[in-house]
Structures are given as C-alpha cells and as structure tokens.
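K.L.:
I'd like to ask you about the structure that follows.
The values are calculated or read from the model by the stated rules, or taken from the named source; none is laboratory data. Everything numeric in this text was worked out from a predicted model, so none of it was measured. Glycine gets a Cβ as well: all are built from the backbone with ideal geometry, and neighbour counts include every protein chain shown.
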Amino acid sequence: MKIYFGSDHAGYELKEKLKTFVSSLGYEVVDKGAFAFDKDDDYPDFCRPVGEAVASEEGSFGIVLGGSGQGEAMSANRVPGARAAVFYGPHLPVGAADVSGRQSSDPYELITLAREHNNANILSLGARFLTDEEAKTAVKLFIEGTFSGAERNLRRITKLG
C-alpha cells in the first residue's frame with residue numbers, strides 16, 4: 001500500500017519523521033514535497049498533488065501536514081474522490097458531548113470515525129498542535145482503520161461527488 005505525503009514549511013520537519021515511521025511499518029512512502037524547508041512555500045503546491053494521487057489510486061492513503069492542517073485539507077479536498085479529515089491532536093475540550101449527551105473517552109476517536117463513517121483517505125495534521133508521538137499514533141490508527149461499508153455511509157459519501 002502506498003502512503004503519499006505532502007507538507008508546507010510548517011509541517012516539513014514532522015513529515016520527514018512520519019515518512020520514516022510509516023516506512024518502518026512496511027508501507028511504501030511517496031513524498032509529494034516539500035523536499036526542503038522553505039519558509040515561503042505554499043501548502044497547495046504539495047497537498048493538492050497528494051489528493052490527486054490518492055483519488056487516482058484506489059487503496060492508497062495520504063498524509064498532509066501544515067501548521068493547522070486546515071488549508072492542507074482544503075487543498076486536498078478540492079480533488080474529487082479525495083476525503084481529507086483534520087486532526088489536531090488528542091486534546092479534547094472538557095465536557096465535549098454530542099447532541100445526545102454522549103462523551104467520548106477516546107481522544108483519537110475522530111480518526112476512527114473519519115475512517116469508519118466517511119472512508120477518509122487523507123489525514124491532515126496540524127503540526128503545531130501535535131507531538132511526534134501523537135502524530136505517529138494518529139497516522140497508525142488512520143492507516144489501520146477500516147470503512148464500515150454501511151449503506152448510510154456509502155450514500156452520504158456518494159453525495160460528496
């Protein structure tokens with residue numbers, strides 16, 4: 001399985017560490033840039049190509065990184081078939097609950113749900129909000145996660161276009 005990586009200057013250092021980590025797990029790593037630290041680079045130049053690669057190659061995944069992960073996800077998500085989910089880290093607000101009052105005790109549940117319900121194929125990480133170990137945990141969970149295949153989830157994904 002191929003894992004495509006892309007980041008701007010804010011995510012460059014973490015991207016390099018995660019590439020080594022993912023490679024050690026036995027996955028093929030493909031780097032779409034940045035290939036060197038450049039404080040003036042632009043995330044769309046590296047994250048959109050990750051979206052294009054993942055959308056065109058079934059079974060592959062992408063990891064995009066930047067300061068917040070937001071613009072990186074927006075860039076990747078411009079590509080039909082790319083489904084990037086943003087993860088800041090395992091720092092849930094105290095008392096966070098859904099409309100039914102359910103509270104999650106798993107700080108990485110967002111990743112599990114993005115794979116299970118949304119069939120996310122790209123993980124966008126906010127490098128300014130994560131430690132190296134948190135990022136490694138997130139990436140491993142994402143790659144090893146599974147899509148439920150439930151009819152309701154397929155129906156919703158189809159509506160994304």
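K.L.:
Starting from residues that are among the basic types (Lys, Arg) and in contact (Cβ under 8 Å) with a residue 24 or more places away in the chain, keep the ones in region 1-23 and report whichever is surrounded by the fewest Cβ atoms within 10 Å (Cβ to Cβ).
P.N.:
So the residue we want is LYS17.
K.L.:
Quick check, is LEU130 under 19 Å from GLY67 (Cα atoms), in contact with a strand residue (DSSP E or B) (Cβ under 6 Å, 6 or more places away or on another chain) and surrounded by 18 or more Cβ atoms within 10 Å (Cβ to Cβ)?
P.N.:
For LEU130, the condition - under 19 Å from GLY67 (Cα atoms), in contact with a strand residue (DSSP E or B) (Cβ under 6 Å, 6 or more places away or on another chain) and surrounded by 18 or more Cβ atoms within 10 Å (Cβ to Cβ) - is not met.
K.L.:
Just to be sure, is ALA84 buried (at least 21 other Cβ atoms within 10 Å of the Cβ), at pLDDT 90 or above and of a type outside the set (Phe, Trp, Tyr)?
P.N.:
So ALA84 fits the description; yes.
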